[in-house]
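> Below you will find the structure I want to go over with you.
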Amino acid sequence: MIPNAIRNEVSAVALRKFDQLTEEQQQSFLEDYYRHRKSTGLAFLCWLFFGLHYAYLGRWGWQVVFWLCLGGFFLWWIVDLFRLSGMTATYNGNLSTKIMHDVVSIG
């Protein structure tokens with residue numbers, strides 16, 4: 001069973017396949033996920049200080065564009081305040097799918 005603390009973060013694909021894994025594979029999945037997942041709180045701190053939220057989420061192309069246009073003259077920066085939770089959730093969902101694919105492929 002996936003721990004309740006991360007159940008809402010992982011993708012539906014990862015949730016379905018998790019119970020089909022061996023105990024060793026489950027442990028490997030959880031270790032990788034905990035090591036690489038992103039925190040919404042830290043994403044907001046990165047957003048607040050220098051607008052580093054795209055870099056934190058591994059989207060360096062968007063980060064450079066964000067800086068070059070000064071966060072859309074701060075309009076884009078304000079909009080991202082409301083989008084950031086969803087962007088972090090999307091990152092974590094995609095991460096869980098990728099890790100599940102890697103664990104199933106290797107195992």
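Throughout, read-outs are computed from the coordinates displayed, never taken from laboratory work. What you see is a predicted model; the values in this text were computed from it and never measured. Glycine gets a Cβ as well: all are built from the backbone with ideal geometry, and neighbour counts include every protein chain shown.
> Take the residues in the range 8-20 that are surrounded by fewer than 17 Cβ atoms within 10 Å (Cβ to Cβ) and not charged (D, E, K, R); name whichever of them is farthest from T88 (Cα to Cα). Walk me through how you get there before you give the answer.
Here is the first cut: in the range 8-20, the ones surrounded by fewer than 17 Cβ atoms within 10 Å (Cβ to Cβ) are 8, 12-13, 15-16, 19-20.
Okay, now just the ones that are also not charged (D, E, K, R), so 8, 12-13, 15, 20.
Values: N8: 12, A12: 16, V13: 18, L15: 18, Q20: 27 Å.
Checking each candidate, the answer is Q20.
> Still on this structure: Out of D102, D80, I need the residue that is more than 18 Å from P3 (Cβ to Cβ) and touching a His at 6+ places or on another chain (Cβ under 8 Å). Which one?
On the way: D102 fails: touching a His at 6+ places or on another chain (Cβ under 8 Å).
Result: D80 is the single residue among D102, D80 that is more than 18 Å from P3 (Cβ to Cβ) and touching a His at 6+ places or on another chain (Cβ under 8 Å).
> Return the total of residues in the range 79-107 being free of Cβ contacts under 8 Å to residues at least 60 places away in the same chain, surrounded by 12 or more Cβ atoms within 10 Å (Cβ to Cβ) and not aromatic (F, W, Y).
11
> For the range 21-38, how many residues meet the condition of being assigned to a loop (DSSP other than H, G, I, E, B) and surrounded by 14 or more Cβ atoms within 10 Å (Cβ to Cβ)?
3
> Continuing with the same structure: So in the range 39-65, with the set limited to residues that are closer than 14 Å to L81 by Cα, among the small types (G, A, S) and in a helix (DSSP H, G or I), which one is farthest from the chain's Cα centre (by Cα)?
Residue satisfying both the conditions and the ranking: G41.
> For the list (1) surrounded by fewer than 12 Cβ atoms within 10 Å (Cβ to Cβ); (2) closer than 29 Å to V13 by Cα; (3) among the hydrophobic types (A, V, I, L, M, F, W, C), I need the number of the one condition that F50 fails.
F50 satisfies all of (1) surrounded by fewer than 12 Cβ atoms within 10 Å (Cβ to Cβ); (2) closer than 29 Å to V13 by Cα; (3) among the hydrophobic types (A, V, I, L, M, F, W, C) except (2).
> Identify, please: which residue in the range 21-58 is in contact (Cβ under 8 Å) with a residue 40 or more places away in the chain and among the hydrophobic types (A, V, I, L, M, F, W, C) and is, among those, farthest from A89 (Cα to Cα)?
Only one residue fits best here, namely L21.
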